[in-house]
Every structure is written in structure tokens, then in C-alpha cells.
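**Student:** Below you will find the structure I want to go over with you.
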Amino acid sequence: MKKLFFLVLVMISVSSLSAQQGPVGRIDIQVILGNRPPAPNEANLMRIEENRHPNITKAMHDIGDAMKHLHEAPDDFGGHKGQAEADLKQAWVSLRKALYFRIYQDTH
């Protein structure tokens with residue numbers, strides 16, 4: 001009986017440690033940069049991280065919306081529109097790197 005109790009305790013401990021480590025697997029930098037769509041396993045890992053960090057996820061969506069609206073603006077605003085678009089893209093990539101850092105495979 002003591003052996004069974006000990007075994008159950010060890011299994012619970014190992015299970016708890018696994019849950020704390022987060023998702024197992026990696027995503028490629030090209031996915032983070034938006035250069036290619038995620039493979040199904042990458043998309044699953046990304047969804048897990050997005051659900052864990054809704055504030056960063058919302059900020060990424062807000063920046064995406066801002067990029068879309070800025071791109072659709074009818075003027076170049078003296079060249080500042082292009083710079084603003086580049087800055088927003090960099091902020092979006094930085095947020096993605098932050099959000100997915102645990103599953104990010106740095107290839108450079």
C-alpha cells in the first residue's frame with residue numbers, strides 16, 4: 001500500500017512539472033515573421049501561448065488592425081506613413097517573439 005501511495009505521489013509530481021514547463025515543440029522564425037503560415041503542430045502551440053497571454057495577443061491584433069488602417073490611408077503623409085508602417089511591423093514582430101519565446105526556434 002505504501003508503494004502504491006508513493007507511486008501515485010511521484011506520478012502527480014511529474015505531471016505537475018510537465019504542465020508547468022509549457023508546450024513541447026518549436027515554431028520556426030519564418031512563422032513568427034509572418035513569412036509563412038504555421039504548420040498544424042505550430043498553430044496548436046501558438047494557440048496555447050495565445051490563450052495563456054491574452055493581453056499580448058490583443059496587442060498583436062490591435063497592431064495588426066492599425067497596420068491595415070494605416071496601409072489603407074489615402075496619403076503618404078510626407079513619407080511618414082512608410083516609417084510608421086515599418087515601426088508597426090517591427091512592434092508586431094517583437095510582440096510575437098515575446099509571446100512565442102518558449103516555443104521559438106532561433107535559427108540565426
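**Student:** Can you go through Ala86, Ala73 and tell me which one is of a type in the set (A, V, I, L, M, F, W, C) and over 23 Å from the mean Cα position of the chain (by Cα)?
**Tutor:** Step by step, each of Ala86, Ala73 is checked, and only Ala73 is of a type in the set (A, V, I, L, M, F, W, C) and over 23 Å from the mean Cα position of the chain (by Cα).
**Student:** For a quick check of your reading of the model, give me the residue pairs whose first member lies in the range 28-56 and is part of a helix (DSSP H, G or I), whose second is among the acidic types (Asp, Glu), with beta-carbon atoms closer than 7 Å and at least 6 apart or on different chains.
**Tutor:** As it stands, the answer is Ile29/Asp106; Val31/Glu42, since those pairs meet every condition given.
**Student:** Quick one: Glu85 ticks every box in (1) loosely packed, with under 10 Cβ neighbours inside 10 Å; (2) at pLDDT 95 or above bar one, so which box is it?
**Tutor:** For Glu85, the exception is condition (1).
**Student:** Okay, moving on. For the range 53-63, does any single residue satisfy the condition of being surrounded by 12 or more Cβ atoms within 10 Å (Cβ to Cβ) and small (Gly, Ala, Ser)?
**Tutor:** Within the range 53-63 (the criterion being surrounded by 12 or more Cβ atoms within 10 Å (Cβ to Cβ) and small (Gly, Ala, Ser)), the answer is yes, since at least one residue qualifies.
**Student:** Also, I was wondering about something else. Could you tell me whether the range 100-108 includes any residue that is free of Cβ contacts under 8 Å to residues at least 60 places away in the same chain, surrounded by 12 or more Cβ atoms within 10 Å (Cβ to Cβ) and not basic (Lys, Arg)?
**Tutor:** No: the range 100-108 contains no residue that is free of Cβ contacts under 8 Å to residues at least 60 places away in the same chain, surrounded by 12 or more Cβ atoms within 10 Å (Cβ to Cβ) and not basic (Lys, Arg).
**Student:** Additional query: Based on what the data block shows, is Gly64 small (Gly, Ala, Ser) and touching a residue at least 24 places away in the same chain (Cβ under 8 Å)?
**Tutor:** When the stated conditions are applied, Gly64 passes them.
The values are calculated or read from the model by the stated rules, or taken from the named source; none is laboratory data. A quick note: this is a predicted structure, and the numbers were derived from the prediction, not measured. Ideal geometry is used to build each Cβ from the backbone, glycine not excepted, and the neighbour counts take in all protein chains shown.
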